[in-house]
Structures are given as structure tokens and as C-alpha cells.
Amino acid sequence: MKPVTLRAWERRYGLVKPIRTETGRRMYTREHIDQVQRIRALLDKGMSIGQVSRSLATKVRPVRAAKDPWHALRSQMSEAVARLDEAALEEAYEEALAVHPLERVTQKLLMPLLAELGDRWESSDGSVAEEHFFALYLRNKIGARFHHRYLLGSGPKLLGACAPGEHHEIGLMLFALQALGAGMRSVLLGADMPSEELSLACRRAGCDAIVISSSVEPPSQFMDSQLPKLVNEAGKPVFVGGHTSVRERDGVVAAGAIPLGTDLTLAVRQLLEHVTRRKKSRSAT
């Protein structure tokens, strides 16, 4: 059990209160260890940490926190990024995961944080070093979780790629992780992918749909000719996610593709419903 997880349980829910020595060190007794095991058993059954707290009938201390606890965590992580402090970044991220499911951490913490940092970097308040530091940290974290959970997926298979000119693949990776939580599998091709290669890649991998991630403005030829050509050649539905799917929604629809927007939860739900309906329709004919 990671110390940051125990501290989060103690601080936020009043669980597993250790004995403090005169020097402030935490000491855990056999009773504490037994309680940790009970908590883990309940979590393994699918209960949230809040439900576990109520189930154990443990009195929860009042939490002196901001009205939006996510704001405090985002601030912690943002400051850690500014200092290039991986230890502090890790502590805040693990604290969030200790009490919230990954999908909620992604929605409430990582996606808003990426947007905040993106605005900071665009306004020159940040630096290229910050951007690369945080991107590498997240890539390692997301990649480890993605590969750890990949074998759990058994649903539709997606081919994921970033649009031409899109060099940031974190959004695509977060989408793939969210899709995996919904039972879908993904084959990821990464950043700045030539669209003319996606049709063949989709067929070779046996994918049911193509998902293109694009947040920066794509080259004009992508919307005018490359995306419509891909839709015509793919033989599978083509989805576009990220800010481009909002700014250029009419162009995405005109090309025959399906805009997903920027909300990962809604995007995954929309994609799964569409692919499932398509499979049922084709099997019925």
C-alpha cells in the first residue's frame, strides 16, 4: 500500500488513523493493517472509497478544503510542472487515484489541467521544457495503465491516430484509455499521422472504426480533401475528436466523418453506440 494512498484515506475520509510518535512519524498497528485489508476487499468488490467509509461506519473528520477539491489538485500539479518536480506531481496524481476512479480523474483533473497548461504555454507564461516534461510524465503513466488493462477489452477495435500537424498525442491516449474502460480496444499510431495511410492500417488491424484526434488547426487540405477521401476509402466509420471537431464541426460532417467533441465520456459513449448499431444493422442484412 502506497503511503500517499493511506494519507489520502486518512485526510479525506478519516480512515486508518495511525498513531503519531513524538517526532510526528506515523505508526500502524495490527488493527490498522486489518482495517486496510477490509478496505481493500470492499474496493475490490467495486465500492467507491466513500461507500467504504460509510460501510465501515467510520466517523469522517470535517475536510477543510476548497469547494472544488479538483481545483486544489490541479493547482498542486500545475505548480509541480512549473518546478519540473516529478515527485510532487506524482504525489498529487496518486492522491487523486487513491479516492477516485481513473475515468473521473481523467475527466476532472487531467483534461482541465491540460487545457490550463495549454493556455499558459500559448501565452508564453510556460516553457517548452514544462510541456515536454509533463507530456513525458503523462505518456508514461497512461501507457502503463493502458497496457496493464488492454487484455480486459473484448469489444470493438479502434484505430487511433493524430491528424496531420497534431504533435500532441496525450488526448488520443486518454481517449483510448477511456474507451478501454468501456470494453473497447485500440491500435494507436500516435502523432502527426498521414491520413492516406489510415485506410490500409484499419484493414490490416481488423478495426471497426477510425478515430482521429486533432486539437490544433489542421492543414486546409485535410478538411478539404484528405478527410473526405479517407471516409470514402475506409469502409468503416471515421470519427474526429478534440477541439477541431468543435471548431470545424460543419466541415467534419460535410466530409462524412462524425464529430466527437472534447468530453471523453460522451465521446466514448457516442462512438460505442454508433459502432454497435452499425454492427447490428450489417448482421441483420
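Given +1 on the Cβ of Lys and Arg, -1 on the Cβ of Asp and Glu, and no further charges, what dipole in debye does the chain carry about its Cα centre, rounded to the nearest 20?
Numbers: 40 positive and 33 negative charges, 392 e Å.
The dipole magnitude comes to about 1880 debye.
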**Fill in**
Among 69, 156, 228, the residue with the largest mean-square fluctuation in a Gaussian network model of the chain built from Cα contacts under 10 Å is 69
**Prompt:** Using a basic spin-label model with each label point 7 Å from the Cα along Cα→Cβ, how many nm lie between residue 83 and residue 201?
**Reply:** 3.9 nm
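Suppose R0 equals 25 Å. What FRET efficiency, 1/(1 + (r/R0)^6) with r the Cβ-Cβ distance, do residue 127 and residue 72 give to the nearest 0.05?
0.60
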**Complete:** In this structure, among 236/279; 157/236; 45/279, pairs with alpha-carbon gaps over 22 Å are 45/279
**Request:** Compute the long axis of helix 3-13 from its Cα atoms, compare it with the longest principal axis of the Cα atoms of the chain, and write down the angle in degrees, 0 to 90, nearest 10.
**Result:** 80 degrees
**Message:** Compute the angle between helix 128-149 and the longest alpha-carbon principal axis of the chain, please, reported from 0 to 90 degrees and rounded to the nearest 10.
**Reply:** 90 degrees
**Item:** Within a Gaussian network of the chain (alpha carbon springs, distance under 10 Å), most fluctuating of 173, 47, 111
**Value:** 47
**Request:** Taking the chain as the reference, fit the longest principal axis to its C-alpha atoms, fit the long axis of helix 86-99 to the helix C-alpha atoms, and give the angle between the two in degrees, 0 to 90, nearest 10.
**Result:** 80 degrees
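How much mean residue ellipticity at 222 nm does the chain get from its helices, if each DSSP H run of length 4 or more adds -39500 (n - 2.57) and you divide by all residues, to the nearest 500 deg cm²/dmol?
Dividing the helical sum by the residues of the chain leaves -17000 deg cm²/dmol.
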**Distant alpha-carbon pairs in segment 69-145 (separation over 17 angstrom), percent** = 39 percent
**Request:** Excluding residues fewer than 8 places away in the same chain, name every one of the aspartates and glutamates whose C-alpha is closer than 20 Å to that of residue 280.
**Result:** 208
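When you have a sec, figure out the Kirkwood radius of segment 150-285 from all distinct Cα pair distances and drop it here in Å to one decimal?
14.5 Å
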**Item:** Mean projected area (nm²) of the alpha-carbon convex hull when the chain is viewed from all directions
**Value:** 18.1 nm²
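Taking K and R as +1 and D and E as -1, what net charge do the other residues with C-beta under 10 Å from the C-beta of residue 164 add up to?
-3
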**Request:** Return the whole-Å distance between the Cα centroid of segment 179-224 and the Cα centroid of segment 266-285.
**Result:** 18 Å
**Prompt:** Separation between the residue 90 and residue 51 pseudo-spin-labels, each 7 Å from Cα along Cα→Cβ, expressed in nm?
**Reply:** 3.1 nm
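Since every read-out is calculated from the coordinates, none of them should be taken as a lab result. Keep in mind that what you see is a predicted model, and the values were worked out from it rather than measured. Virtual Cβ from ideal backbone geometry, glycine too; neighbours counted across all protein chains shown.
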